[in-house]
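Undergrad: A single structure is presented below for examination.
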């Protein structure tokens, strides 16, 4: 994949003395094709994926990434970063694109550097960044997989715990229900027993002291009352 800004520098000059107004669509297409070929040739001369020989401790430090990718020093010190700095300087920032381009090319020529080397430096840095992005993406995916597995195990433990606790709650409720059913059955027999007693007592008293209904619930005895007994 080529980046559009490579074409900012890489171009093919037309024949000397050619009339600019005499360009034809075919000529323009040929020039564009030749420029694209130049970019492709420069890009193909750079390794497709750089090797990182040292770990990167600070991913936000691009210089550290470039160093880990062992990007060689640019000839005459004219890296793409230096050229980018030149283009953004107060001397060139507001000038037309063709003037910026010419100014940079003049500076390169004066320093004995070639634009081809600058483009190669740009491609190396771009591929180093792309490669390191893939490295980080793989790291994130591996982390996501590990944490996903860990979360699944935690969720399984939670589900198991909830199942066990729900079973205990259900067992408690079942026990209470059985006791209530037993008490209701006992009360029915109690009422029958009390009626039998009340019927027998009724022959001898004017007011029957025997209760045949549910026993009234007595209020709980307070701790103070128990201590005073």
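Readers should treat all values here as calculations from the given coordinates under stated rules, not as data from a laboratory. The structure presented is a predicted model; accordingly, all values stated were derived computationally and were not measured. Because the Cβ atoms are built from the backbone with ideal geometry, glycine has one as well, and the counts that use them run over all protein chains shown.
Undergrad: How far apart, in nm, are the 7 Å Cα→Cβ label points at residue 97 and residue 206?
TA: For the pair residue 97/residue 206, the computed spacing is 12.4 nm.
Undergrad: May I pose another question? With no solvent and one point per C-alpha, what does the Debye sum give as log10 I(q)/I(0) for region 48-177 at q = 0.20, 0.21 Å⁻¹?
TA: Normalising to I(0) and taking log10 leaves -1.11, -1.16.
Undergrad: Please give the length that would be gained between residue 215 and residue 192 if that part of the chain were fully extended, namely 0.36 nm times their separation in residues minus their C-alpha to C-alpha distance (nm, one decimal).
TA: This chain segment gains 6.9 nm when fully extended.
Undergrad: Mind ordering 74-81, 104-111 by average Cβ neighbours within 10 Å, highest first?
TA: 74-81, 104-111
Undergrad: Ok, one more. When the chain is fully extended, how far beyond the present Cα-Cα distance does residue 160 get from residue 145, taking 0.36 nm per residue of separation?
TA: 3.2 nm
Undergrad: Below 8 Å, C-alpha to C-alpha, sequence gap of six or more: please give me the relative contact order for region 48-177 in percent.
TA: 28 percent
Undergrad: Using 1/(1 + (r/R0)^6) with R0 = 35 angstrom and r between the beta carbons of residue 107 and residue 67, what's the FRET efficiency to the nearest 0.05?
TA: For residue 107 and residue 67, the calculated efficiency is 0.85.
Undergrad: Quick one: if the Förster radius is 45 Å, what FRET efficiency do residue 182 and residue 135 give, using the C-beta to C-beta distance and rounding to 0.05?
TA: It comes to 0.05.
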